[in-house]
Amino acid sequence: DVKVTQSSRYLVKRTGEKVFLECVQDMDHENMFWYRQDPGLGLRLIYFSYDVKMKEKGDIPEGYSVSREKKERFSLILESASTNQTSMYLCASSSHFGRALNTEAFFGQGTRLTVV
Amino acid sequence: AQSVTQLGSHVSVSEGALVLLRCNYSSSVPPYLFWYVQYPNQGLQLLLKYTSAATLVKGINGFEAEFKKSETSFHLTKPSAHMSDAAEYFCAVSPLTGANSKLTFGKGITLSVRP
C-alpha cells in the first residue's frame, strides 16, 4: 500500500523557534509537495520538488524553506516560527513522466502545527 | 493561470438523498481535473480524476463526476448519501502539459449528512 508519512501529527512550538516538518514516501516518487491548509482557504502550495536537491517556490513560500537531500524525504523548515504559521501542513508525492506534475498526488496524514 | 471555484463552503443533505458538489474550472484548454476527499483528522484521498478520456468518470464509494467543457464544470455526484460520506471535498485542476505544472485546489466544501 502506498504511503506518505509525516513525522508528527501535532506540534506546539514557540514564536521564533526553528521548526522542521519531515515527510517520507515509500513509492519512489519523483515529485513531492508541501501544502498548508486553512479553513476557508483550501490547500495552498508552499514549495515543491521534482527531483533530489531541486526545489521550486509555490504560491506562498514566504517564511518557509525546504530540503530534499534524498528522493524519499522532503523537509519543510520554518526558520523562525510565527503565530500566523499556525496551520495544518500536508505533504504529498506523485510520480511523473518527463516533468509533468499533474498525475495523482498521494497525501500524508497532516501535521497540525500550533505556534504560541 | 488555472483555477477552480467551489461554490459555497457547506452542503447538508439527508441520508439517502442526492449529493451534488459543484466545481467550475478556469483554464485556456481542458485540463486534468480531480476530486479529493478529506475525512476528519486525515490527509486527502483521491476520489476520481478526469484525464481527457471518458467525460463521465466513476470513482470510489459510489461517486461520479461529469466533465462538461461547454460549462467548464466538473460536478461531483452520488445518488444516495450515506452517513460515512460526511467529509470535506476538494476539487483540483492541473494543465495537461507543461514543465512544473502542478495541482491547484479549490477552497473545499464540507458535506454534512443528516440521519
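Shape index of chain B: Rg/Rh, with Rg the Cα radius of gyration and Rh the Kirkwood radius from the inverse mean 1/r over Cα pairs, equals 0.96.
Counting partner chain Cβ atoms within 10 Å of every residue's Cβ in A:35-45, what's the average? Let's see the in-between values first.
Numbers: counts 3, 0, 7, 1, 5, 3, 3, 12, 11, 3, 4.
For peptide A:35-45, the averaged partner shielding equals 5.
Residue order for B:63, A:33, fewest other beta carbons within 10 angstrom first, comes to B:63, A:33. When each of B:94, A:93, B:73, B:26 is scored by the number of other beta-carbon atoms lying within 10 Å, the sequence from fewest to most is B:26, B:73, B:94, A:93. Placing R0 at 45 angstrom, the Cβ-Cβ distance between residue B:69 and residue A:12 gives a FRET efficiency of 0.40 after rounding to 0.05.
Legend: ranking of residues B:75, A:29, B:10 from fewest to most surrounding C-beta atoms inside 10 Å; resulting order B:10, B:75, A:29. Overall, the protein assembly as shown carries a charge dipole of about 260 debye about its Cα centre when +1 sits on the Cβ of Lys and Arg and -1 on the Cβ of Asp and Glu, all other atoms neutral. Here the range B:44-115 and the range A:59-77 have alpha carbon centers that stand 28 Å from each other.
Apply 1/(1 + (r/R0)^6) to the Cβ-Cβ distance of residue B:1 and residue A:54, taking R0 = 22 Å, and write down the FRET efficiency to the nearest 0.05. Before the final figure, lay out each step's value.
On the way: r = 22 Å, r/R0 = 1.01.
Between residue B:1 and residue A:54 the formula returns 0.50.
Across chain B, the relative contact order, built from alpha-carbon pairs under 8 Å that are at least six residues apart, equals 37 percent. Built from the Cα atoms of the protein assembly as shown, the convex hull projects on average onto 12.5 nm², one quarter of its surface area.
Each value in this text was obtained by applying a stated rule to the coordinates, not by laboratory testing. Since we're looking at a predicted model, the values are computed, not measured. Cβ atoms come from the backbone with ideal geometry, glycine included; neighbour counts cover every protein chain shown.
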